[in-house]
Amino acid sequence: MADELLRELIRKIEVLVSLTAIGVLDGKNQREQIEALSRAGLGPKEISDLLGTSPNTVSVTLSQLKRAKASPRIRKP
């Protein structure tokens, strides 16, 4: 019985996380969504489950974001 209650609680928490993510991500492109979810502490698998994409796509996007922040572009006047 305790296992059943625990599974139900986990399912409800997952629904709440999904609904919260939808509200936070509304109007953002996929790259911005991935960045926001990563900053919230979610891993590539969790992000891909929420966005309906592959964990590899998420990992590649996170890598690109990391590289872009490591080497800021120089602006010409």
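The values are calculated or read from the model by the stated rules, or taken from the named source; none is laboratory data. As the structure is a prediction and not an experimental result, all values here were calculated from the model. So basically every Cβ, Gly included, is an ideal-geometry build from the backbone, and we count neighbours across all protein chains shown.
Every residue, every condition in (1) within 18 Å of the chain's Cα centre (by Cα); (2) in contact (Cβ under 8 Å) with a residue 24 or more places away in the chain, yes or no:
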| position | (1), (2) |
| --- | --- |
| Arg7 | no, no |
| Gly23 | yes, no |
| Gly41 | yes, no |
| Lys45 | yes, no |
| Leu50 | yes, yes |
| Ser59 | yes, no |
- prompt: Can we say Thr57 is over 23 Å from Lys69 (Cα atoms) and either in a helix (DSSP H, G or I) or in contact with a strand residue (DSSP E or B) (Cβ under 8 Å, 6 or more places away or on another chain) (or both)?
  reply: no
field: Considering residues of region 38-67 that are at pLDDT 90 or above and aliphatic (A, V, I, L, M) only, the residue farthest from Glu14 (Cα to Cα)
entry: Leu65
query: How about region 14-38: which of its residues are of a type in the set (Asp, Glu) and in a helix (DSSP H, G or I)?
result: Glu14, Glu32, Glu35
message: Which condition from (1) in contact with a helix residue (DSSP H, G or I) (Cβ under 8 Å, 6 or more places away or on another chain); (2) surrounded by fewer than 10 Cβ atoms within 10 Å (Cβ to Cβ) is the one that Thr53 breaks?
response: (2)
